[in-house]
1. Report the relative contact order of segment 1-102, percent, no decimals, based on alpha-carbon pairs under 8 angstrom and at least 6 residues apart.
2. Using helices alone, what [θ] at 222 nm do you get for the chain, with -39,500 (n - 2.57) per DSSP H run of 4 or more residues, divided over all residues and rounded to the nearest 500?
3. Select from segment 1-96 those GluC sites (Glu not before Pro) which occupy a DSSP coil region and have at most 15 other Cβ atoms within 10 Å, ordered by residue number.
4. In Å², and per residue, what accessible area does the chain have when probed at 1.4 Å with the other protein chains present?
5. Give me log10 I(q)/I(0) at q = 0.22 Å⁻¹ for segment 271-371, Debye formula, one equal scatterer per alpha-carbon, no solvent.
6. Long-range amide H contacts for T105: which residues qualify at under 5 Å (H placed 1.01 Å from N, peptide plane, sequence gap of 5 or more or a different chain)?
7. Are there DSSP H segments in the chain that both extend 15 Å or more along their axis (alpha-carbon positions) and score a mean Kyte-Doolittle hydropathy of at least -0.5? List them, or say none.
8. Take the alpha carbon gyration tensor of segment 337-432, find the square roots of its eigenvalues, order them as a ≥ b ≥ c, and report rounded if a/c is under 1.5; if not, report prolate when a/b exceeds b/c, else oblate.
Amino acid sequence: MIEGNLDLEIERLGECKIPSPVSVGHFTKDNDNVLFLVTLPDIEAYLASGRRPPAFEQAGPREKIYFDPSKLKCGIVTCGGLCPGLNDVIRSIVLSLHYHYGVKTVFGFPYGYEGLTYRYGHTPLELTPKTVQGIHEQGGTILGSSRGPQDTSEMVDTLERMNVGVLFTIGGDGTLKGARAISDEVKKRGLKISVIGIPKTIDNDISYVQKSFGFETAVSEAKRVIYSAHSEALGARNGIGLVKLMGRESGFISSYATLACNDVNFCLIPESPFTLQVFLEALKKRLQERSHAVIVVAEGAGQDILKNTGDRDASGNIRFEDVGLFLRGEIASFFEGSNMQVSMKYIDPSYIIRSVPANASDAAFALLLGQNAVHAAMTGRTNMVVGTWMNRYTHVPISLAVSKRKKIDPDGWMWASVLTATGQPQNMTGIE
């Protein structure tokens, strides 16, 4: 699909005049770009219409920087739910600022955006190479986290009072929207403060970002749980292993874990609706044919079936009903009514998965995200997110990253691959 009005321009605080202290064999040039379009027909359509295909700025160190490292103070916040790799990103930012640029003062603001407001009384932590030593071996975040918005004016007051020149915000959709609000307030006051986002969402649902850190670890951990569910299902006549995984609006974890295991018989995600009757009849048929079944369900799946209260959490998200517990009850009732005995094991590993340390791939990914965030900040870029596209590191405007949720296309190759792997009915809505 051609996106004709895609604005990929990155805001800057001013001209870069200071020679970079970074010692590298190659500096990234400002005209080094990464094409947004990935198919030849889309590129050809742009060229045929006389337009230049949209492209991301490529991330990386520049020859000239905006901030004087000897005078610069930086801050870091981590917001939202936990995710593998948070400590890796914190450590990467601190080490890159210290060793690559010589920045000596880095504050860690406790408990997300709460740490930037005076009303909670949180004392900022001073982060040094010594204080972040070994934290990448731990899950969670040494800074703590919180959900929900805070007063933007108060947060900018804190940055101004502490003379912070760069704020690194590590979080998902809500965090990035908060970062955009901070950047807007900074601009309104005429301050020279850079706001750089590092996308953190275990659901991998941030748009215009190929992958977010922690996702691969989550899939790897989910795979182990699914293996256990499969073993439980095999160990009993008409055994059912039911696993609930994270994924409020996007089913990437469930889908990739399903492909990674290939022992899953039903994968239920938010993007592909189903009805109970069609699903339960298909499950019954599976048990009659093979005597066992494994079901993976994303937390946001089937919410149209459940009775939603409309309540919202601190981040403004609708509180979902527990689809895992709902399905467990419905499956039990259905087979009891069918006079068919089943043995069901229900597993919900959500909080275990999100709190583990990053695996090797995510650890390396988090390190490079942190380094590229620092490179962007030192050049005075702001109101942007560091991401990846076509396996290259990029700069993405925050406004674009939060413009919509990234989701699985129910008519695309990814979901087709899942359906092929599970053998579940392609249509479970009962509507032709």
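1. On the way: 87 pairs, mean separation 36.5, N = 102.
Relative contact order, segment 1-102: 36 percent.
2. Values: 12 runs with 144 residues, N = 432.
Theoretical 222 nm ellipticity from helices: -10500 deg cm²/dmol.
3. Details: sites: E3, E9, E11, E15, E44, E57, E63; in loops: E3, E9, E15, E63.
Answer by residue number: E3, E9, E15, E63.
4. Values: 18880 Å² over 432 residues.
Per-residue value: 44 Å².
5. Evaluating at q = 0.22 Å⁻¹ gives log10 I(q)/I(0) of -1.20.
6. Counting only residues 5 or more places away or on other chains, the set is C74.
7. Details: long enough: 173-189 (24 Å, -1.02); 215-234 (28 Å, 0.01); 276-290 (21 Å, -0.45); 323-337 (21 Å, 0.87); 360-378 (28 Å, 0.95).
TM-like helix candidates: 215-234, 276-290, 323-337, 360-378.
8. Working: a/c = 3.06, a/b = 1.93, b/c = 1.59.
Note, shape of segment 337-432 comes out prolate.
The values are calculated or read from the model by the stated rules, or taken from the named source; none is laboratory data. Small disclaimer: the values here were computed from a predicted structure and weren't measured. Cβ atoms come from the backbone with ideal geometry, glycine included; neighbour counts cover every protein chain shown. For the accessible areas, the whole protein counts, side chains as well, though only heavy atoms, and no ligand, DNA or RNA atoms are used. Shrake-Rupley method; radii C 1.70, N 1.55, O 1.52, S 1.80 Å.
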